[in-house]
1. H22 versus A61, label points 7 Å from Cα toward the beta carbon: distance in nm?
2. I need to check one value: relative contact order of region 2-121, counting alpha carbon pairs closer than 8 Å and at least 6 residues apart, in percent.
3. Return the calculated 222 nm mean residue ellipticity for the chain, to the nearest 500 deg cm²/dmol, obtained by summing -39500 (n - 2.57) across DSSP H runs with n ≥ 4 and dividing by the residue count.
4. Among the DSSP beta bridges whose two residues both lie in the chain, what percent are antiparallel, rounded to the nearest 5?
5. Mind listing which chymotrypsin sites (Phe, Trp or Tyr not before Pro) in region 1-91 are in a DSSP loop and have 16 or fewer other Cβ atoms within 10 Å?
6. What whole-number distance in Å separates the alpha-carbon centres of region 1-29 and region 60-123?
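FYI, it's all coordinate maths here, none of it is from the lab. Every value quoted in this text rests on a predicted model; they were computed, and no experiment measured them. Glycine also receives a Cβ, built like all others from the backbone with ideal geometry; neighbour counts cover every protein chain displayed.
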Amino acid sequence: MRAIQHPDIPTPAGHYSPIVEHGGVLYVSGQLPAEEDGAFPEGIEAQTLSALGKVRGLVEAAGSRLEDIIQVRIYVCDVELWGAVNETYAGFFGAHRPARIVVPTGPLHGGCLVEIEATAAAR
């Protein structure tokens, strides 16, 4: 296992690596939609785009592309938000359709509405 190091990858506050590579696979830790100041964007669509953008940024910092994402796991605080998450997700990925799971969780860290993790092929 190798933790990916890159200047674009911020140091996490907790005891984990944001992205690791093992056996040709990238594992992206759950990404919250927090902005640099720690605040969350307003609304589920903005939070979904923010978390997906962070996933894409980590995958790209590791040398892969959005199209290399194999699977996405979405944790959403309320299943009633699923329609908006799905629409935003579809717009973000376009024709690319990774395998996906959606997990309704109840409250998430800091009151955010969504957290997203992913698995991707390493290049």
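1. Going by the 7 Å Cα→Cβ label model, 2.0 nm.
2. Rounded, it is 34 percent for region 2-121.
3. -8000 deg cm²/dmol
4. 75 percent
5. Filter output for region 1-91: Y16.
6. That distance is 17 Å.
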